[in-house]
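In what follows, a single structure is set out as structure tokens and then discussed.
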Amino acid sequence: METLKATLSRTITGAQLCKVYDALEDEERPYDATVRAVKDKKRLISMRICPEDKPYFQDLIKTACE
């Protein structure tokens with residue numbers, strides 16, 4: 001298994017989180033994600049990913065949150 005050494009975190013709304021989940025539904029690139037509730041009904045998504053996949057996942061989350 002590839003080493004998940006890079007991290008990516010972003011605070012998003014619940015609706016945006018649903019869109020991120022939809023985008024990750026059939027994702028083949030390895031990742032590990034955790035979600036935590038933060039204040040004002042926001043969610044913090046934190047991902048461990050392969051360093052070479054960081055731009056890909058950044059774009060995936062950005063697109064899902066637009």
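The values are calculated or read from the model by the stated rules, or taken from the named source; none is laboratory data. A quick note: this is a predicted structure, and the numbers were derived from the prediction, not measured. Ideal geometry is used to build each Cβ from the backbone, glycine not excepted, and the neighbour counts take in all protein chains shown. Each accessible area value is taken on the protein alone, full model and side chains, heavy atoms only, with ligands, DNA and RNA left out. Shrake-Rupley method; radii C 1.70, N 1.55, O 1.52, S 1.80 Å.
Figure legend. Inter-residue proximity from region 18-42: first residues closer than 19 Å to PRO55 by Cβ, second residues of a type outside the set (A, V, I, L, M, F, W, C) and part of a strand (DSSP E or B), beta-carbon distance below 6 Å, spacing 6+ or different chains. Indicated pairs: ASP32/ARG48. Of the residues screened, THR11 is not one that is of a type in the set (Ser, Thr, Tyr) and more than 16 Å from GLU66 (Cα to Cα).
Within region 19-40, if we keep just the residues that are among the acidic types (Asp, Glu) and more than 12 Å from the chain's Cα centre (by Cα), the residue that is farthest from GLU66 (Cα to Cα) turns out to be GLU28.
For region 3-66, please list each of the strands (runs of 3 or more DSSP E) lying entirely inside it that holds at least 1 residues being touching a Phe, Trp or Tyr at 6+ places or on another chain (Cβ under 8 Å) and open to solvent by less than 30 Å² (accessible area, probe 1.4 Å). I'd like the intermediate steps shown before the answer.
Details: elements: 6-13, 31-38, 42-49.
Where strands (runs of 3 or more DSSP E) fall fully within region 3-66 and carry at least 1 residues being touching a Phe, Trp or Tyr at 6+ places or on another chain (Cβ under 8 Å) and open to solvent by less than 30 Å² (accessible area, probe 1.4 Å), they are 6-13, 42-49.
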